[in-house]
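Have a look at the structure below before the remarks.
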There are 2 protein chains.
Amino acid sequence: MLYNVQVKVMPLKNLLDPQGKAVQNGLSSLGLNNIKDVRIGKHITLQIEAISEEEAKSAADEAGKKLLANPVMEYFEIELVN
Amino acid sequence: MLYNVQVKVMPLKNLLDPQGKAVQNGLSSLGLNNIKDVRIGKHITLQIEAISEEEAKSAADEAGKKLLANPVMEYFEIELVN
């Protein structure tokens with residue numbers, strides 16, 4: 001069966017996010033001064049062929065650990081969609 | 001009040017996603033052959049100062065339209081977290 005898994009990869013909470021800061025400044029200069037903080041990460045959707053939800057999740061977890069996220073700077077969260 | 005809003009920016013469904021394809025090939029060469037499709041977008045978290053959920057959402061929508069997403073290649077979805 002095909003499972004849709006979403007992986008959210010974000011910069012670690014205690015690290016600065018210069019890309020987010022730049023976007024926040026951009027939004028501010030567009031008049032959106034009420035946006036106080038911006039953090040930018042990756043949103044990855046995977047289609048995984050697996051026999052169970054557990055197998056799909058564990059494949060996504062392995063993908064996150066081996067390739068999708070850099071643990072020095074990022075953390076990731078997995079969510080099964082369907 | 002501070003609202004946390006998540007904005008998901010993804011490549012349009014009918015467009016190729018070369019970055020996703022490259023990652024899929026990388027996962028495959030790491031032995032994860034059961035991952036059949038990968039699409040990569042951005043996950044943006046915004047902290048918005050607003051008096052109501054509606055105001056926070058409309059600020060996020062404006063940010064998405066004006067800066068966060070390129071409508072030629074991307075669509076975005078907004079989700080209020082707290």
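The values are calculated or read from the model by the stated rules, or taken from the named source; none is laboratory data. On a predicted model such as this, the values are computed, not experimentally measured, just so you know. All Cβ positions, even for glycine, are placed from backbone atoms using ideal geometry, and neighbour counts span all protein chains on display. Surface areas here come from the heavy atoms of the whole protein model, side chains and all, with no ligands, DNA or RNA. Shrake-Rupley method; radii C 1.70, N 1.55, O 1.52, S 1.80 Å.
Among residues of the stretch B:39-60 being of a type in the set (Lys, Arg) and free of Cβ contacts under 8 Å to residues at least 40 places away in the same chain, the one that is least open to solvent (accessible area, probe 1.4 Å) is B:Arg39.
For the stretch B:24-60, a tally of residues being more than 7 Å from chain A (Cβ to nearest Cβ) and under 21 Å from the mean Cα position of the chain (by Cα) returns 8.
Taken as a whole, the stretch A:73-82 holds at least one residue that is among the aromatic types (Phe, Trp, Tyr) and either modelled with pLDDT under 95 or open to solvent by 40 Å² or more (accessible area, probe 1.4 Å) (or both).
In this structure, does B:Ala63 turn out to be surrounded by 15 or more Cβ atoms within 10 Å (Cβ to Cβ), more than 15 Å from the chain's Cα centre (by Cα), in contact (Cβ under 8 Å) with a residue 12 or more places away in the chain and in a helix (DSSP H, G or I)? It is false that B:Ala63 is surrounded by 15 or more Cβ atoms within 10 Å (Cβ to Cβ), more than 15 Å from the chain's Cα centre (by Cα), in contact (Cβ under 8 Å) with a residue 12 or more places away in the chain and in a helix (DSSP H, G or I). Looking only at the stretch A:6-18, decide whether some residue is within 11 Å of chain B (Cβ to nearest Cβ), in a loop (DSSP other than H, G, I, E, B) and open to solvent by less than 50 Å² (accessible area, probe 1.4 Å). Checking the stretch A:6-18: at least one residue is within 11 Å of chain B (Cβ to nearest Cβ), in a loop (DSSP other than H, G, I, E, B) and open to solvent by less than 50 Å² (accessible area, probe 1.4 Å).
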